[in-house]
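The structure appears below as structure tokens.
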Amino acid sequence: MTEKAIFGGGCFWCTEAVFKSIKGVLSAKPGYCGGHIDSPTYEAICGGQTGHIEVIEIDYDPEQVSFDTLLEVFFATHDPTTPGRQGNDVGPQYQSAIFYQNADQQEKSKQFMHMIDVSGQMSRPVCTQLIPAQTFWVAESYHHDYFERNPNQGYCQVIVAPKVGKFKKKFPNLLAS
């Protein structure tokens, strides 16, 4: 039996590259959630007027990797304290968000965010939005496996590769073989 998680952690090229490499993750697809138009395009999303957030839809085997572990990776591989931005990527489409699929995911996400806030590990409060499940619109095909297909592209070298490297260093036990 598989389960689904949808995370918005900034640019979906970064989040897809991280989550695809986790043991127990069966797929990680880039796309868009939220918003007020059907079938959004990347160009429309980049305009910041559709209300959509860049996300990845993760299908995973809960017997191999738990939702709690996915949350741990999610919060360790992006900045959940900056509203509408991740580093140099600025706009509402880069908002940190969890589109929870059920009450259990909602509660676990709330607890995890509270734990981060009270721990003092972040210099600012977590601003990740908890949003009920909404339609996931899969991104255009050229976004899929972007880092894998374009490792020498500038953004991939400067932004994506360091995030993937940080993940691999912090979570070597989670790497798929």
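The values are calculated or read from the model by the stated rules, or taken from the named source; none is laboratory data. Remember, it's a predicted structure, so these values are computed and weren't measured experimentally. When we count neighbours, we look across all protein chains shown, and the Cβ atoms used for this are built from the backbone with ideal geometry, even at glycine.
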Discussion item. Checking the conditions here, which among V18, V55, V73, V65 is outside any helix (DSSP H, G or I), under 23 Å from I116 (Cβ atoms) and within 13 Å of the chain's Cα centre (by Cα)?
Written reply: V55
Worksheet, complete the sentence: Conditions (1) free of Cβ contacts under 8 Å to residues at least 60 places away in the same chain; (2) within 30 Å of E43 (Cβ to Cβ); (3) surrounded by 13 or more Cβ atoms within 10 Å (Cβ to Cβ) -> F99 fails only (1)
Discussion item. Test of understanding: among E72, E107, E140, which residue is within 22 Å of G47 (Cα to Cα) and among the acidic types (D, E)?
Written reply: E140
Worksheet item: Is there a residue being surrounded by fewer than 13 Cβ atoms within 10 Å (Cβ to Cβ) and either assigned to a loop (DSSP other than H, G, I, E, B) or of a type in the set (V, I, T) (or both) anywhere in the range 162-172?
Response: no
Worksheet item: If you go through the range 24-56 one residue at a time, how many are buried (at least 22 other Cβ atoms within 10 Å of the Cβ) and of a type in the set (D, E)?
Response: 1
Practice prompt. State whether the residues of the range 36-46 include one that is assigned to a loop (DSSP other than H, G, I, E, B), within 14 Å of A97 (Cα to Cα) and either more than 14 Å from the chain's Cα centre (by Cα) or of a type in the set (A, V, I, L, M, F, W, C) (or both).
Written response: no
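Would you mind stating whether P83 is of a type outside the set (V, I, T) and modelled with pLDDT of 95 or more? Steps first, please.
Numbers: of a type outside the set (V, I, T): yes; modelled with pLDDT of 95 or more: no.
So P83 fails the test.
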Practice prompt. Return only the number of the condition from (1) over 15 Å from the mean Cα position of the chain (by Cα); (2) under 29 Å from D38 (Cα atoms); (3) in contact (Cβ under 8 Å) with a residue 12 or more places away in the chain that F171 does not satisfy.
Written response: (2)
Worksheet item: Yes or no: L130 modelled with pLDDT of 95 or more, surrounded by 15 or more Cβ atoms within 10 Å (Cβ to Cβ) and either in contact with a Cys (Cβ under 8 Å, 6 or more places away or on another chain) or within 16 Å of G10 (Cα to Cα) (or both)?
Response: no
Worksheet entry | Residue among I98, I58, I37, I45 that is over 17 Å from K163 (Cβ atoms) and at pLDDT 95 or above | I98
